[in-house]
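> I'd like to ask some things about the structure below.
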């Protein structure tokens, strides 16, 4: 079928959304029968290759504008929240679940919370917490050493999820949960369940759960109650510590202490409500879990496929760390340039956030298209980085491109087109912590192990559940051959 692909340069007389190309739709249901929540990103990327950088599809009676043009995606992200904002259904879902924190906030409420949360991931705070991160990384190493000694396969994503929850809790809340050593814990499964249900509800054509609760919805209610109580226990314990030592409120050591101090701030503009404190604790636990764990799991997948990449990572750690087992500071971790390039390339090809959701807050135009207020947009952030106009040989895993070598010398290399952390005012506040975690784990694995796939013939699938994770990934660690 011949499809009219539109030009994405500004044009005279913007055209209506209904005139854009897109997949044929059925009456009433639109394209719902062609869309599965767990593979939504793959379907939308396939349609982008077929219909162009701006197209529309329908979920029920509502049209959606899908954008994969680098300039337009950057503009949408840059013009938040004045022109574009999060999907209103997403905000409603978060509020219904009791997650009123920074992720769901807009306007001044968002700005006030973000200023505080950014302080938790400052260079100084990361330096102060680096010892805890190193301790948790060594625990993960010891766990994988034991698996290697037994010759057992490893569910790397499961272990990395426990690792990232431990790190997030230690850095943001001053609490070492030690899930890596303790193994089975309901919290990791519960956080995964919450993410999955957020994704399902955000994409639902109708908010059925407000009228009829399915078993999954009743399970979610129980999970939210359990996790909420666990977060409240954390808050109560920290509050008791501040009451015993009021001087800590003036110089908080963790984000949670800073949030509790802000709850009592004299300046109303800086004050956080009890609900905002609780919601941000839960938000940070959620956001610190899946995204970084998924990125590191995909990194192991690429390492297992590319012994040459493992060899270069190993050579770098041997040269830069000397006799040390891990980077001694966050600056040294971030100074591992090749390992950082491996992470950047993993983020480009296997972003944990391949799609971003936005909504027009006012009537506007996006290139040649008129975008009325209330229009819902889906931004294909990963697809932007998979285009030849963004990167030379874009589908090849080539870490050296981030070092100005290989494909970067041969052709196009636009770092702005790699959007795993978003862009603009709402760029991910935990980006620095995520990169330090990835460098610490990458250095640890390179120093200690040879990584291989348990069954190279077994496909590893991309599964979207609000974040995109590897499904079916099983790796084997062997003591490094020296």
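> State which residue pairs qualify: first residue over 14 Å from residue 136 (Cβ atoms) and inside segment 177-188, second residue outside any loop (DSSP other than H, G, I, E, B) and at pLDDT 85 or above in any location, beta carbons under 6 Å apart, and separation of 6 or more residues or different chains.
From segment 177-188, the pairs are 185/179; 188/161; 188/162.
> For segment 310-388, which helices (runs of 4 or more DSSP H) that fit wholly inside it have 1 or more residues that are in contact (Cβ under 8 Å) with a residue 24 or more places away in the chain, touching a strand residue (DSSP E or B) at 6+ places or on another chain (Cβ under 7 Å) and under 20 Å from residue 468 (Cα atoms)? Even if it seems obvious, please write down each step before you answer.
Values: elements: 330-334, 337-349, 381-385.
Counting at least 1 such residues, we get 381-385.
> Related question: Please go through segment 215-254 and pick out each residue that is under 23 Å from residue 132 (Cβ atoms), without any contact (Cβ under 8 Å) to a residue 60 or more places away in the chain and not in a helix (DSSP H, G or I).
245, 251, 252 - these are the residues of segment 215-254 that are under 23 Å from residue 132 (Cβ atoms), without any contact (Cβ under 8 Å) to a residue 60 or more places away in the chain and not in a helix (DSSP H, G or I).
> Which one of these does residue 311 not meet: (1) on the phi < 0 side of the Ramachandran plot; (2) at pLDDT below 95?
The number of the failed condition is (2).
> Now for a separate question. The conditions are (1) more than 26 Å from residue 481 (Cα to Cα); (2) assigned by TED's automatic domain parsing to the domain that holds residue 141; (3) within 13 Å of the chain's Cα centre (by Cα), and residue 347 fails exactly one of them. Which is it?
(2)
> Quick check, is residue 318 closer than 21 Å to residue 449 by Cα, surrounded by fewer than 20 Cβ atoms within 10 Å (Cβ to Cβ) and at pLDDT 85 or above?
In short, yes.
> Output the residues belonging to segment 90-101 that are more than 16 Å from residue 357 (Cβ to Cβ) and modelled with pLDDT under 85. Don't jump to the end; show me each part of the working.
Filtering segment 90-101 for residues more than 16 Å from residue 357 (Cβ to Cβ) gives 96-98, 100-101.
Of everything in segment 90-101, those that are more than 16 Å from residue 357 (Cβ to Cβ) and modelled with pLDDT under 85 turn out to be 98, 100, 101.
> Would you confirm whether or not segment 155-169 contains a residue that is assigned by TED's automatic domain parsing to the domain that holds residue 254, over 30 Å from residue 32 (Cα atoms), crowded, with 19+ Cβ neighbours inside 10 Å and more than 18 Å from the chain's Cα centre (by Cα)?
First pass over segment 155-169, keeping only residues assigned by TED's automatic domain parsing to the domain that holds residue 254: 155-169.
Narrowing the set further to residues that are over 30 Å from residue 32 (Cα atoms) leaves 155-169.
Narrowing further to those that are crowded, with 19+ Cβ neighbours inside 10 Å: 156-157, 159-169.
Okay, now just the ones that are also more than 18 Å from the chain's Cα centre (by Cα), so none.
No, segment 155-169 contains no residue that is assigned by TED's automatic domain parsing to the domain that holds residue 254, over 30 Å from residue 32 (Cα atoms), crowded, with 19+ Cβ neighbours inside 10 Å and more than 18 Å from the chain's Cα centre (by Cα).
The values are calculated or read from the model by the stated rules, or taken from the named source; none is laboratory data. Fair warning: this is a prediction, and the values are worked out from it, not measured in the lab. Ideal geometry is used to build each Cβ from the backbone, glycine not excepted, and the neighbour counts take in all protein chains shown.
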